[in-house]
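*Asks:* First the structure, which I've put down as structure tokens, then a few questions once you've had a look.
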Amino acid sequence: MVEFHRDEKNGVEIPKLGGKYTVLPIEYKRGSPKEEDWDRAQLCAQALCLEDMLCCEVKEGYLFYGETRRRSAVVFDSELRQKTENMTEEMHKYYRQKYTPKVKRTKACNACSLRNICLPVICGALTASQYIEETLRDEL
Ligand code: SF4
């Protein structure tokens, strides 16, 4: 979700809404806060996209966890921005190399919103092309 807070002094012009607003991305998660930076990096990536789309600076956002039912603030400092850019660069590198890293299923998978359609589970040991062939054969 993205919240727009009216702020004529420091906000960015949003023509559809009229006036200036600060932009606040909020990511909702089912589980609980993690020690690792995964969720913060995901939120930071969303902030970088919003900055690019709206030509503004997004200084912070929030993570909301279903288990704690609380928002926690995430400041997009230079360290988190750099980490997010490094992860993005690594993903682009894999994409260029047509390489899909192996997935390790962990406890965190229990709270994943994609667990019922998790491709590593659905596909099992199949390659992507085998999975497509098998699915098409079933369709026919
Ligand atoms: S997509 Fe699959 S492997 Fe990835 S976190 Fe979700 S359940 Fe786990």
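Here, each number is a calculation from the coordinates, and none is a lab measurement. Because the structure is a prediction, the values reported are computed rather than measured. For neighbour counting, all protein chains shown are included, and Cβ atoms are generated from backbone atoms with ideal geometry for every residue, glycine included.
*Asks:* Taking the Cα atoms only, what angle lies between the long axis of helix 128-139 and the longest principal axis of the chain, rounded to 10 degrees?
*Replies:* The angle comes out near 70 degrees.
*Asks:* In addition: Given the chain, what percent of its DSSP beta bridges are antiparallel, to the nearest 5?
*Replies:* That works out to approximately 75 percent antiparallel.
*Asks:* Related question: With the crude spin-label approximation of a point 7 Å out along Cα→Cβ, what separation in nm comes out for Arg70 versus Tyr99?
*Replies:* For Arg70 paired with Tyr99, the spin-label model returns 4.1 nm.
*Asks:* Another question about this same structure. Would you list, by chain and number, the lysines whose Cα falls below 20 Å from the Cα of Lys83, excluding same-chain residues fewer than 8 positions away?
*Replies:* Reachable lysines: Lys34, Lys59, Lys93.
*Asks:* Over all directions, the average projected area of the alpha-carbon convex hull for the chain comes to how many nm²? Let's see the in-between values first.
*Replies:* Numbers: hull surface 47.2 nm².
Dividing the Cα hull surface by four gives the mean projection, 11.8 nm².
*Asks:* Further question on the same structure: P(r) of the stretch 1-71 in 10 Å steps, Cα pairs, percent per bin?
*Replies:* Distribution as computed: 20, 46, 25, 9 percent.
*Asks:* Which one, Thr84, Thr68, Thr100, has the greatest fluctuation when you compute a Gaussian network model over the chain with C-alpha springs under 10 angstrom?
*Replies:* Looking only at Thr84, Thr68, Thr100, the largest GNM fluctuation is found for Thr100.
*Asks:* Before rounding to the nearest 500, sum -39500 (n - 2.57) across all DSSP H runs of length at least 4 in the chain and divide by the residue total; then give [θ] at 222 nm in deg cm²/dmol.
*Replies:* Details: 4 runs with 53 residues, N = 140.
Rounded to the nearest 500, the figure is -12000 deg cm²/dmol.
*Asks:* Where in the stretch 91-114 does the label zone of Glu133 land, with the point 7 angstrom along Cα→C-beta and an amide N cut-off under 20 Å?
*Replies:* 99-100
*Asks:* A follow-up question, please. Any chance you could run the full-extension gain for Met87 through Leu114? It's 0.36 nm times the residue separation minus the Cα-Cα distance, nm to one decimal. Provide the component values of the computation, followed by the final result.
*Replies:* Details: separation 27, 0.36 × 27 = 9.72 nm, distance 2.07 nm.
Net length gain for the segment: 7.7 nm.
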